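Chemist: Input: one structure, supplied below.
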Amino acid sequence: MKICHIITRMIVGGAQENTLFTLRGHLENGHETVLVTGPTTGPEGKLLEKVPLPELQVHEEPSLIRAIHPAQDLRAYSRLVAYLRENRFDVVHTHSSKAGIIGRAAAWKVGIPVVAHTVHGPPFHRFEKAWKNQIYITAERYAAKRCHRIYTVADAMTQQFQDAKIGQASQYKTVYSGMDLEPYLNGVRDWEGRRALGIPNDSLVVGKVARLFELKGYEYLFEAIPKILAEVPNCYFLIVGDGLLRSQFEKQVREQGITDHVKFTGLVPPSEVPKYTGMMDVLAHLSLREGLPRAVVQGLASGKPAVTFPLDGAPEIVLHEQTGLLCETENSAAVAESIARLLKDDALRETYGQAGRKHAASHWDWRHMVNEIETDYQKQMDLK
């Protein structure tokens, strides 16, 4: 097949890593594969520089930007129509909301045989203004009429979109977001790395892997840290990632007097994330909006139990009292209680960690994801 994927930017992020593994799978399976992306800017880093695919054809469209910009958006639509008409792909597969709306409209206009879209997380959510949510829902309803298939990375995404009356039930298919789990499944404790960060060998480590950005829930972790330290004084907190709010959080940590117990790694390439999850004893994932939290899958694959809020796809990964603990959303006291409980019980951490490793390995392998998607592409083509 001749396949084109469209996304606004290829930063180091979950939706982008999902897209990259899908592209890699297409190439390995012998398909002609093209990525259309907008400019990749921002502190999150450039994924294609961190994990290059030399054989991948990449077409950068300058007008395909993440922010809403009517003039640029119209320009992106017209340029995509021209590009897709010239290249005549069998499949156009879009990712995330902005590229999904413009890309699907352009592919439908040209008459691409199979137009597909992946929902990595809904653009509308309870933390957004009502008028913005209505705009996003209206746009998603428009785009759903211009594609054959909508993939979601978790059943929760399907339910949220159907509750908003977006598309038809027959359009939806859940395909769990695949990733390379081998480095996590085979990882070992990095004692030298811990010492380099100033973390003693006899300490316990709580980690969080996420951009330092709004809605990632860092505020609940930082509020919980003093309560956790009161119960587990030999605990350290490993913050893996970077972003616009880093200086704000570093200031908060200083004001709380917990600087010695909080370690900021900054941006790390995907290949180094297993090293950091290997340093942890518990993973905290407190995002308020995230389709399928890849960091939780990776933490579980490393044998680390997770504490998370029961939002979006998280409960499909963190099985309460089996692979980790779900706690009340936006409740820092509940976060502190759950984390402290795991830190104080070595046997419980081990039991949940081993169950989590098995759960992750059986559901989130990237090659399984690619095979599911390609089989479905072919099914859609056979229906023509």
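Chemist: Can you tell me how the range 304-350 classifies by the Cα gyration tensor, rounded, prolate or oblate, using a/c under 1.5 as the rounded cut?
Modeler: Judged from the Cα gyration tensor, the range 304-350 comes out oblate (a/c at least 1.5, b/c at or above a/b).
Chemist: Apply the Karplus curve 6.51 cos²θ - 1.76 cosθ + 1.60, θ = phi - 60°, to the phi angles in the range 126-137 and return the couplings in whole Hz, x for Gly and Pro.
Modeler: 6, 9, 9, 5, 4, 5, 5, 4, 5, 5, 4, 5
Chemist: With a ≥ b ≥ c taken as the square roots of the eigenvalues of the C-alpha gyration tensor of the range 324-369, please select rounded if a/c is under 1.5 and otherwise prolate if a/b is larger than b/c or oblate if it is not?
Modeler: Working: a/c = 4.77, a/b = 1.65, b/c = 2.89.
Oblate, since a/c reaches 1.5 and b/c is not below a/b.
Chemist: Given a Förster radius of 41 Å and the C-beta distance between Gln162 and Arg341 as r, what FRET efficiency does 1/(1 + (r/R0)^6) yield to the nearest 0.05? Before the final figure, lay out the partial values.
Modeler: Details: r = 36 Å, r/R0 = 0.87.
Between Gln162 and Arg341 the formula returns 0.70.
Chemist: Something else now. Full-extension gain between Glu321 and His59, please, as 0.36 nm times their residue separation minus the C-alpha to C-alpha distance.
Modeler: Stretched fully, the Glu321-His59 segment lengthens by 89.7 nm.
Chemist: In whole angstrom, note down how far apart the Cα centers of the range 183-250 and the range 109-180 are.
Modeler: Spelled out, the Cα-based centre of one part sits 33 Å from the other.
Chemist: Sticking with this structure for a sec: GNM, the chain, Cα, under 10 Å: largest mean-square fluctuation among Phe127, Phe222, Phe213?
Modeler: The residue that fluctuates most here is Phe127.
Chemist: Let me ask something else about it. Relative contact order of the chain: what whole-number percent is it, with Cα pairs under 8 angstrom and at least 6 residues apart?
Modeler: Details: 750 pairs, mean separation 58.7, N = 384.
Relative CO of the chain lands at 15 percent.
Chemist: Relative contact order for the range 164-278: what is it in percent, counting Cα pairs under 8 Å that are at least 6 residues apart?
Modeler: Here the relative contact order equals 31 percent.
Chemist: How big is the shadow of the Cα convex hull of the range 1-81, averaged over all directions, in nm²?
Modeler: It is 5.4 nm².
Chemist: Here's a follow-up. For Gly303, enumerate residues with amide H under 5 Å from its amide H, sequence gap 5+ or separate chain, H modeled in the peptide plane.
Modeler: Close amide H contacts, sequence-distant or interchain: Arg357.
Chemist: Looking at the range 182-363, send over the antiparallel percent of its DSSP beta bridges, to the nearest 5.
Modeler: Of all bridge pairs located within the range 182-363, approximately 5 percent are antiparallel.
Chemist: Dividing the Cα convex hull volume of the range 182-363 by residue count, how many Å³ per residue is that?
Modeler: Working: hull volume 18.5 nm³, N = 182.
So the per-residue Cα hull volume is 101 Å³.
Chemist: For the range 182-363, what relative contact order do you get, as a whole percent, if you take Cα pairs closer than 8 Å and at least 6 residues apart?
Modeler: On the way: 347 pairs, mean separation 45.4, N = 182.
Dividing the mean separation by the residue count of the range 182-363 yields 25 percent.
Chemist: Give me, ordered by chain and number, the residues 5 or more places off Ser96 or on other chains with an amide H under 5 Å from its own placed amide H.
Modeler: Result for Ser96 returns Thr118, His120.
Chemist: Right, something else. Just want the answer: with Cβ charges of +1 for Lys and Arg and -1 for Asp and Glu, which residue in Val253, Ile65, Val205 is farthest toward the dipole's positive end in the chain?
Modeler: Farthest towards the positive end: Ile65.
Chemist: Just to be sure I understand: of the beta bridges DSSP finds with both ends in the chain, what percent are antiparallel, rounded to 5?
Modeler: Looking only at bridges with both residues in the chain, the antiparallel portion is about 5 percent.
Chemist: Report the extension gain between Lys384 and Leu215 in nm, rounded to one decimal, defined as 0.36 nm multiplied by the number of residues separating them, less their alpha carbon distance. Write down the numbers at each step before the final one.
Modeler: Values: separation 169, 0.36 × 169 = 60.84 nm, distance 4.18 nm.
Stretched fully, the Lys384-Leu215 segment lengthens by 56.7 nm.
Chemist: Could you list, in their original order, any pairs among Lys46/Lys304; Lys173/Lys227; Lys275/Lys344; Lys251/Lys344 whose Cα atoms are separated by more than 32 Å?
Modeler: Too far apart for the 32 Å limit: Lys173/Lys227.
Quick note: the coordinates plus some simple rules give every number you see, no bench work behind them. All values reported here derive from a predicted model rather than from experimental measurement. Don't worry about glycine lacking a Cβ; one is built from the backbone with ideal geometry, like all the others, and counts go over all protein chains shown.
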